[in-house]
Amino acid sequence: MAEARFDVVGVGNAIVDVIARTDENDLARLDLNKGTMTLIDDAQAQWLYSEMGAGQETSGGSAANTLAGIASLGGKGAYIGKVRNDQLGEVFSHDLRAVGVEYPMRPATEGPATAQCLIFVTPDADRTMQTFLGVSMMLNPDDIDPETVGDGQITYLEGYLFDRDEAKEAFVKAAELAHAAGRRVALTLSDPFCVDRHRASFRNMVEGHVDIVFANRDEITSLYETDSFDDAIGQLVGKVDIAAVTRSEEGSVIVTANEVVEIPAEPVDKVVDTTGAGDLYAAGVLYGLTQGYELAVAGRIGSICAAEVISHYGARPEESLAELVREKLG
């Protein structure tokens with residue numbers, strides 16, 4: 001097998017995050033359901049954007065955040081996700097390349113605008129997300145570049161993209177290309193909202209095309225329609241090689257057919273904003289796996305990365321994760 005040019009190739013929604021501080025009164029005034037992610041249309045996005053306070057705009061999307069984390073750790077990554085030739089499309093492209101992620105996509109010249117996620121963060125660090133998926137959800141099999149996928153040790157697929165049949169077909173194509181090149185495929189379930197909407201498709205993807213699954217406790221129990229965390233893990237093991245499941249302040253667990261590794265949460269002085277916690281956890285674990293670390297070390301790196309991103313506003317690291325990991329691991 002040829003040496004991989006990339007550690008991880010991400011496939012997901014190319015979204016510009018707009019993050020602003022807010023309070024309970026504002027959420028009520030805007031009729032927003034606190035702590036959830038809601039899909040909105042273009043008109044709603046424009047109205048909510050006009051009602052937000054001063055915000056921070058940066059390239060986002062779950063898998064793109066993960067790739068940015070991998071770059072901060074010193075890894076090599078590429079990203080496949082669709083933007084329009086508009087102002088937010090330029091923001092996304094510039095930001096992603098600036099942090100060291102290769103972005104080979106050309107912007108679309110027609111269709112909806114570049115996707116945006118309006119994130120309202122309350123003083124308790126909870127986040128309420130209103131997402132306009134725009135042109136990002138128009139990703140289709142033709143957008144999956146065989147050379148890029150074949151050059152990645154792991155192709156990482158974002159469950160948020162699962163709404164359209166064309167996107168599901170793109171995922172299957174990416175997975176088949178990766179396996180044909182002797183590479184591995186990872187999938188993040190992204191959100192219980194996504195699992196509830198696409199449970200059968202997720203199960204088919206997991207059981208037929210995926211080697212590594214990332215999820216949180218709510219997502220994995222929803223996938224297998226059980227209230228028991230242990231039962232859900234038991235059903236997943238054997239269908240994939242590795243399952244990495246987060247449990248908030250209880251840390252995470254990484255499970256294989258032969259091993260269960262429990263990783264404690266990394267201490268944080270103050271949780272400011274949980275946006276990106278799961279994305280950066282995945283970045284650390286994926287980086288660890290591609291560098292040949294044992295599962296316990298990969299999981300610890302994931303916890304360190306998640307702790308860094310929840311200590312400030314925004315879904316991207318503000319300090320070098322490579323230096324932070326060196327300091328923490330000794």
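The values are calculated or read from the model by the stated rules, or taken from the named source; none is laboratory data. Only a predicted model underlies this, so the values are computations on that prediction, with no experimental measurement involved. Glycine also receives a Cβ, built like all others from the backbone with ideal geometry; neighbour counts cover every protein chain displayed.
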Checked region 293-330 for anything touching a residue at least 24 places away in the same chain (Cβ under 8 Å) and part of a loop (DSSP other than H, G, I, E, B); matches are I310, S311, H312, Y313, G314, A315, R316, P317, S320
Answer from T290, T274 - the residue that is among the polar types (S, T, N, Q), closer than 26 Å to D211 by Cα and touching a residue at least 60 places away in the same chain (Cβ under 8 Å):
T290
Would you check if there is a residue in region 167-185 being touching a residue at least 40 places away in the same chain (Cβ under 8 Å), closer than 26 Å to L39 by Cα and in contact with a His (Cβ under 8 Å, 6 or more places away or on another chain)?
yes
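One residue is enough: does region 238-247 have a residue meeting the conditions more than 26 Å from F92 (Cα to Cα) and without any contact (Cβ under 8 Å) to a residue 12 or more places away in the chain?
Going through region 238-247, the residues more than 26 Å from F92 (Cα to Cα) turn out to be 238-247.
Right, trim to without any contact (Cβ under 8 Å) to a residue 12 or more places away in the chain and you get none.
The answer is no; no qualifying residue exists.
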Any residue at all in region 249-262 that is farther than 17 Å from G299 by Cα and surrounded by 14 or more Cβ atoms within 10 Å (Cβ to Cβ)?
no
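Which one is surrounded by the fewest Cβ atoms within 10 Å (Cβ to Cβ), of the residues in region 81-125 that are among the charged types (D, E, K, R) and closer than 25 Å to G53 by Cβ? Write out each step before concluding.
Just the residues of region 81-125 that are among the charged types (D, E, K, R), to begin with: 82, 84, 86, 90, 95, 97, 102, 106, 110, 124.
From what is left, the residues that are closer than 25 Å to G53 by Cβ are 86, 90, 95, 124.
On the way: D86: 16, E90: 15, D95: 20, D124: 11.
Here the residue is D124.
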Regarding V8, is this residue outside any helix (DSSP H, G or I), of a type outside the set (D, E, K, R) and modelled with pLDDT under 95?
no
Against the definition (of a type outside the set (V, I, T), surrounded by 14 or more Cβ atoms within 10 Å (Cβ to Cβ), more than 22 Å from I242 (Cβ to Cβ) and out of contact with any Leu (no Cβ under 9 Å at 6 or more places or on another chain)), how does S311 come out, yes or no?
yes
In this structure, does Q130 turn out to be under 28 Å from L32 (Cβ atoms) and assigned to a strand (DSSP E or B)?
yes
Whether any residue in region 66-77 is touching a helix residue (DSSP H, G or I) at 6+ places or on another chain (Cβ under 9 Å), hydrophobic (A, V, I, L, M, F, W, C) and closer than 22 Å to G111 by Cα is what I want to check.
no
Of the residues in region 74-89, how many are at pLDDT 95 or above and either among the acidic types (D, E) or over 16 Å from P112 (Cα atoms) (or both)?
7
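Against the definition (under 19 Å from D7 (Cβ atoms), of a type outside the set (A, V, I, L, M, F, W, C), crowded, with 19+ Cβ neighbours inside 10 Å and touching a Phe, Trp or Tyr at 6+ places or on another chain (Cβ under 9 Å)), how does G299 come out, yes or no?
Working: under 19 Å from D7 (Cβ atoms): yes; of a type outside the set (A, V, I, L, M, F, W, C): yes; crowded, with 19+ Cβ neighbours inside 10 Å: yes; touching a Phe, Trp or Tyr at 6+ places or on another chain (Cβ under 9 Å): yes.
Against the criterion (under 19 Å from D7 (Cβ atoms), of a type outside the set (A, V, I, L, M, F, W, C), crowded, with 19+ Cβ neighbours inside 10 Å and touching a Phe, Trp or Tyr at 6+ places or on another chain (Cβ under 9 Å)), G299 qualifies.
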Considering residues that are buried (at least 22 other Cβ atoms within 10 Å of the Cβ) and assigned to a loop (DSSP other than H, G, I, E, B), the number found within region 133-147 is 3
Residues in region 321-329: is at least one touching a helix residue (DSSP H, G or I) at 6+ places or on another chain (Cβ under 6 Å) and farther than 29 Å from A14 by Cα?
yes
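Within region 40-59, is there a residue that is buried (at least 23 other Cβ atoms within 10 Å of the Cβ) and either in contact (Cβ under 8 Å) with a residue 60 or more places away in the chain or not β-branched (V, I, T) (or both)? Before you say what the answer is, go through the steps one by one.
Taking region 40-59 first, the residues buried (at least 23 other Cβ atoms within 10 Å of the Cβ) are 59.
Those still in the list that are either in contact (Cβ under 8 Å) with a residue 60 or more places away in the chain or not β-branched (V, I, T) (or both) too: 59.
Yes: region 40-59 contains one or more residues that are buried (at least 23 other Cβ atoms within 10 Å of the Cβ) and either in contact (Cβ under 8 Å) with a residue 60 or more places away in the chain or not β-branched (V, I, T) (or both).
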Entirely in region 16-109, the helices (runs of 4 or more DSSP H) that have 3 or more residues that are under 30 Å from D142 (Cα atoms)
42-51, 62-72, 87-98
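Conditions tested, residue by residue: (1) modelled with pLDDT of 95 or more; (2) touching a Lys or Arg at 6+ places or on another chain (Cβ under 6 Å).
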residue: V213; (1), (2): yes, no
residue: D218; (1), (2): no, no
residue: R247; (1), (2): no, yes
residue: A257; (1), (2): no, no
residue: V261; (1), (2): yes, no
residue: T275; (1), (2): no, yes
residue: A283; (1), (2): yes, no
With respect to the numbered conditions (1) touching a residue at least 60 places away in the same chain (Cβ under 8 Å); (2) farther than 22 Å from A113 by Cβ; (3) aliphatic (A, V, I, L, M), which one is the sole condition not fulfilled by A28?
(1)
Scan region 127-155 residue by residue and report those that are over 19 Å from S93 (Cβ atoms) and within 18 Å of the chain's Cα centre (by Cα).
R127, T128, M129, Q130, T131, V149, G152, Q153, I154, T155
